[in-house]
Each structure stands twice: as structure tokens, then as C-alpha cells.
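Okay, so here's the structure we're looking at.
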Amino acid sequence: QVQLVESGGGLVQAGGSLRLSCVASGRSFSSYAMGWFRQAPGKEREFVAGASRSDDNTIYADSVKGRFIISRDYAKNTVYLQMNSLLPEDTAVYYCAARFAYSTEVFRGGYDYWGQGTQVTVSS
């Protein structure tokens, strides 16, 4: 079993920044690839960013490329999502997810564990 706990969400003005954190526990953090997803009201959950098991490969959704950065801290069993130049359309509940594989995955069905989510609201 893996437990994932997100934090760092909040209310921010457009153009601002937030850093989300996701602390993992239960199994070796280096055993799984990580992903961040988001879900806005009335929309399906969508892929945002992912990092491979060894953090040597990262991928991003086109909508966040150049603005968001995913990173991992193995000493803290934590994955981060640094979000810069935030837009109102980034407003959503953000979830981190883990999958027992080397590579990250853009499809939500490819993940084995999910956190409870953290709300990000960007005002215009």
C-alpha cells in the first residue's frame, strides 16, 4: 500500500505561483513513477505532469509546458509541482498519483494510488 498526501493548494491571483507537495509513504519512493493530475468542475480529470521512477524523464501537458515543473526529493519521499504564471483556467483540484513502473503515464487508469487532492484557485 502507498499513501499519498497533497498540500500547498490555495487561492492565488493570475500570474502568481504556487508549489504543491505530495508526500508518499508505505513503500520505497524510488519504486514508482509519479504523476500530477487535475480536475476542474464539470470536467474530467486530466494529466498535468509526470516524472519517471528515477526522475530522469519528465513529461508535461501542453497547457502547462514552460510554466509548471515537476520534481522529486527522494530524501523526503516527496514530489513537487511548481506552478508559475498561473492562469484562471488552472483552477482545479490537483491530485498526485503513483504507479509501479519506471515511466510515468498520461492516462489516469495507469496509476495505482491517488492522493485526496488539493484545491487550487486562480483569480483573474
_Test: TYR94 is open to solvent by 30 Å² or more (accessible area, probe 1.4 Å), closer than 23 Å to VAL12 by Cβ and in contact with a strand residue (DSSP E or B) (Cβ under 6 Å, 6 or more places away or on another chain)_ = no
_Tell me yes or no: at least one residue of the range 44-62 is more than 23 Å from ALA101 (Cα to Cα) and in a strand (DSSP E or B)._
no
*Within the range 11-29, considering residues that are loosely packed, with under 13 Cβ neighbours inside 10 Å and modelled with pLDDT of 95 or more, the one nearest to the chain's Cα centre (by Cα)*: SER17
_Consider the range 87-120. How many of its residues are assigned to a strand (DSSP E or B), small (Gly, Ala, Ser) and in contact (Cβ under 8 Å) with a residue 60 or more places away in the chain?_
2
*the range 55-80 residues that are β-branched (Val, Ile, Thr), paired with ones that are open to solvent by 50 Å² or more (accessible area, probe 1.4 Å) and outside any loop (DSSP other than H, G, I, E, B) (beta carbon under 6 Å, 6 or more apart)*: ILE69/GLN82; ILE70/THR58; THR78/VAL23
*asked:* I'm trying to understand the selection: among the residues of the range 53-78, which are surrounded by 14 or more Cβ atoms within 10 Å (Cβ to Cβ) and in contact with a Gly (Cβ under 9 Å, 6 or more places away or on another chain)?
replied: THR58, ILE59, TYR60, ILE70
*Take the range 105-124 and flag every residue that is open to solvent by less than 20 Å² (accessible area, probe 1.4 Å) and either modelled with pLDDT under 95 or at positive phi (or both).*
GLY117
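The values are calculated or read from the model by the stated rules, or taken from the named source; none is laboratory data. This is a predicted model, so every value here is computed, not measured. Here Cβ is always computed from backbone atoms with ideal geometry, including for glycine, and neighbour counts include all displayed protein chains. Accessible surface is based on the protein model in full, side chains and every heavy atom, while ligands, DNA and RNA are left aside. Shrake-Rupley method; radii C 1.70, N 1.55, O 1.52, S 1.80 Å.
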